[in-house]
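Worksheet: one structure, shown below.
The values are calculated or read from the model by the stated rules, or taken from the named source; none is laboratory data. As the structure is a computational prediction, the values presented were derived from the model and not from experiment. For neighbour counting, all protein chains shown are included, and Cβ atoms are generated from backbone atoms with ideal geometry for every residue, glycine included.
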Amino acid sequence: MNIKDTPLLDKVNSPKDLKFFSDEELKSLADELRQETIESVSKTGGHLGAGLGVVELTVALHSVFDTPKDKVIWDVGHQSYPHKILTGRRKSMRTLRQKNGLSGFAKRDESEFDAFGAGHSSTSVSSGLGMSIARDLKNEDNNIICILGDGAMSAGQAYEAMNNAGALKSRLIVVLNDNDMSIAPPTGAMSAYLAKLISSEKYLGLRNIAKNIIEKLPKSLEKSAKKADELTRTMSGDGTFFEAMGFYYIGPIDGHNLDHLLPVMRNVKDLDHGPILVHVVTQKGKGYLPAEESNEKYHGVSKFNIATGKQQKSSNIAKSYTSIFSEALIKEAEIDKSIVGISAAMPSGTGLDKFQEKFPKRFFDVGIAEQHAVTFAAGLSTEGLKPFVAIYSTFLQRAYDQIIHDVAIQNLPVKFAIDRAGLVGADGPTHAGSFDISFLSTLPNFVVMAASDETELARMVKTAALYNDGPISFRYPRGTGEGKKVPEIYRPIEIGKGRIISEGNKVVIINLGTRLKEVKKAAEKLNSLGLSTTIIDARFAKPLDQSLIIDAAKNHELVLTIEEGSSGGFGSSVMSLLSENALLDNGLKIRSLTLPDKFISHSTPEEMYIAAELINENIVEKVLSVLKIKSSELKVVSPK
């Protein structure tokens, strides 16, 4: 192969190598980068559409700015795959989201080019402003560039940060990656010309001179001059809103046209100005037809065939817990017209897209705005409606203040469907549902449930629909259940009532959630070792089934609780209950198995639960350890 025919991407070991490419070569590099991104994600699965939308932007940023001295902050790591490829991680992309492999998000301890970790949206301007102020205090001169996009502008934190940035006037560049609009070719050409013009240092200097002159004019002329200036500033787009927040607005420009992007980025790189907003328009999924034509632009995909776009489907025929929730909610909504569904930008992820199809006027997607979703639901409930707020556990954390102040204190009957509870696999610790049992169980008025199988989940949906005495939540994990068919007719669960699965007399394991399958395996092993074991499915972290738990404690030597959540949750509540009833004074042994006090790195959910020591072998080991029994000392007992 002729050296000139060598793919340009093969010559890139770090962003510094882009400095030697001509503008025409950068265009070719962008094409290669897009193809490399598609090929990488086709092998691993992950977030594809958002990355394809910022290929040219990524090339422009890394060719113009001096990263990692200049800090590029990606708002949500969905956009960062092309960035990873250009920053020395190309060879590792086939390990994306796998055990001991690359994270699916920007991660500070993975690369010096990842200036800030981001698994949740709308944090880039806040963190970037912090970095810019730190730079100013240290008398340094690097650039801070925040890429705000992929829906991040629907969240309040982005506006809070921009408002603060405008007031502080620190030098900061925000790139608004807008994939919700389009620019017609003639408009785009004019917009690009104006963006290039007004981003130049000469224009900015003239504008500052003009501003000083205008301020000395008579009031009538000053007003006219300011209008003329504003007209010049907004001919290329509606920058008035951002200008009002204190930003110098440039755009909109075509985010896939390097002839437009490169001059503007070069102009703004060294502008001695306060906060600047560059508005680029992109297409999510750009350059890969199946992604462009998909409703969700291949936001999150499993492994897929590049030629056809067909994704690999799981061979598991069992329904997902999300589907069980969706079907059960639709069933209740057909009976009760006061039921409404609320999503925070995740209708398909939470299963509410099916609810939306059935009841379009009773479904509300509020965008990436979990705080608003909760208070919006609170408002609906004051008027007698029954709002089901379906949010992933990890995202519900963002609305904790609203849960307390706007729901719990007012004792409003908002229903929280908490998806992705427990460990979630490839998305890793930023998306793990580790803390909701703990942070909800501490709140007065709350009912906190956890489903152990498909039928239990359907029953909890019905229970929540019928419960009107205050807020109620139920949690369920990512993925499929045990394959159990939910019966056509099922009853609600009595509030605060657990159930006995099997009875013994030495060890009682009290389960909360879908570890029940592992608990049953452990009990089978313990029974075979002559350690008679009772299994209780608690169902409720709050209120506890006090009589059931106290009776079990009185009649067993060891109480072991297990849950798919952090410490301070269900197990702590059981411990407190038994302590208050003086049962710990009589030699009763009690232990809790929870998620460990650390963040568990991404891998498969099964591997993560092994790392968390929450599988049946760990349960057996814990029982034997507490009872001070060596398994070799026990004789295997044949089942009757």
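Details
- For Thr463: the one exception among (1) surrounded by 14 or more Cβ atoms within 10 Å (Cβ to Cβ); (2) under 27 Å from the mean Cα position of the chain (by Cα): (2)
- Tallying residues that are part of a loop (DSSP other than H, G, I, E, B) and free of Cβ contacts under 8 Å to residues at least 40 places away in the same chain within segment 140-178 yields 2.
- Restricting Glu327, Glu332, Glu370 to those that are touching a residue at least 24 places away in the same chain (Cβ under 8 Å), closer than 16 Å to Tyr392 by Cβ and of a type in the set (D, E, K, R) reduces the list to Glu370.
- Qualifying residue in segment 504-519 (condition: of a type in the set (Gly, Ala, Ser) and surrounded by fewer than 20 Cβ atoms within 10 Å (Cβ to Cβ)): yes
- Of all the criteria given as (1) assigned to a strand (DSSP E or B); (2) touching a Leu at 6+ places or on another chain (Cβ under 7 Å); (3) within 17 Å of Ile418 (Cβ to Cβ), the one not satisfied by Val340 is (3).
- Residues that are out of contact with any strand residue (DSSP E or B) (no Cβ under 8 Å at 6 or more places or on another chain) and hydrophobic (A, V, I, L, M, F, W, C), drawn from segment 119-160: Ile133, Ala134, Leu137, Ala152, Ala155
- Count - residues of segment 463-494 that are in the same structural domain as Gly351 (by TED's automatic domain parsing), in a loop (DSSP other than H, G, I, E, B) and of a type in the set (A, V, I, L, M, F, W, C): 0
- Remark: Gly498 falls outside the filter, which requires a residue to be in contact with a Pro (Cβ under 9 Å, 6 or more places away or on another chain), among the small types (Gly, Ala, Ser) and crowded, with 20+ Cβ neighbours inside 10 Å.
- For Gly571: the one exception among (1) under 33 Å from the mean Cα position of the chain (by Cα); (2) over 22 Å from Lys628 (Cα atoms): (2)
- Check on Lys415, more than 17 Å from Ser381 (Cβ to Cβ) and more than 13 Å from the chain's Cα centre (by Cα): no
- Scan of segment 125-153 for residues that are over 16 Å from Ala50 (Cα atoms) and within 18 Å of the chain's Cα centre (by Cα), ordered by number: Val125, Ser126, Ser127
- Flag for Ser528 being outside the structural domain of Thr442 (by TED's automatic domain parsing), in contact (Cβ under 8 Å) with a residue 60 or more places away in the chain and more than 17 Å from Ile590 (Cβ to Cβ): yes
- Criterion (aliphatic (A, V, I, L, M) and at pLDDT 95 or above) met by exactly one of Ala408, Ala426: Ala408
Conditions tested, residue by residue: (1) among the small types (Gly, Ala, Ser); (2) assigned by TED's automatic domain parsing to the domain that holds Gly46; (3) part of a helix (DSSP H, G or I).
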| position | (1), (2), (3) |
| --- | --- |
| Gly246 | yes, yes, no |
| Asp272 | no, yes, no |
| Gln283 | no, yes, no |
| Gly287 | yes, yes, no |
| Lys313 | no, no, no |
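- Of the helices (runs of 4 or more DSSP H) lying entirely inside segment 4-81, not one contains at least 1 residues that are aromatic (Phe, Trp, Tyr) and farther than 22 Å from Asn142 by Cβ.
- Candidate set: segment 233-242, residues that are over 13 Å from Asn163 (Cβ atoms) and not polar (S, T, N, Q); chosen: the one modelled with the lowest pLDDT: Met235
- Of note, Gly379 satisfies the criterion of being without any contact (Cβ under 8 Å) to a residue 12 or more places away in the chain and either within 29 Å of Gly428 (Cα to Cα) or more than 14 Å from the chain's Cα centre (by Cα) (or both).
- Some residue of segment 335-347 being among the charged types (D, E, K, R), assigned by TED's automatic domain parsing to the domain that holds Pro444 and closer than 27 Å to Ser441 by Cα: no
- Residues of segment 593-616 classified as of a type outside the set (A, V, I, L, M), in contact (Cβ under 8 Å) with a residue 40 or more places away in the chain and either farther than 20 Å from Phe570 by Cα or in a helix (DSSP H, G or I) (or both), total: 8
- Taking segment 423-441 as the range and being β-branched (Val, Ile, Thr) and assigned to a loop (DSSP other than H, G, I, E, B) as the test, only Val424 passes.
- Any hit, segment 316-323, residues being among the small types (Gly, Ala, Ser) and part of a strand (DSSP E or B): yes
- Of all residues making up segment 442-457, the number that are outside any loop (DSSP other than H, G, I, E, B) and among the hydroxyl-bearing types (Ser, Thr, Tyr): 1
- Arg97 being without any contact (Cβ under 8 Å) to a residue 60 or more places away in the chain and surrounded by fewer than 24 Cβ atoms within 10 Å (Cβ to Cβ): no
- Scope segment 418-441; condition free of Cβ contacts under 8 Å to residues at least 60 places away in the same chain and polar (S, T, N, Q); matching residues: none
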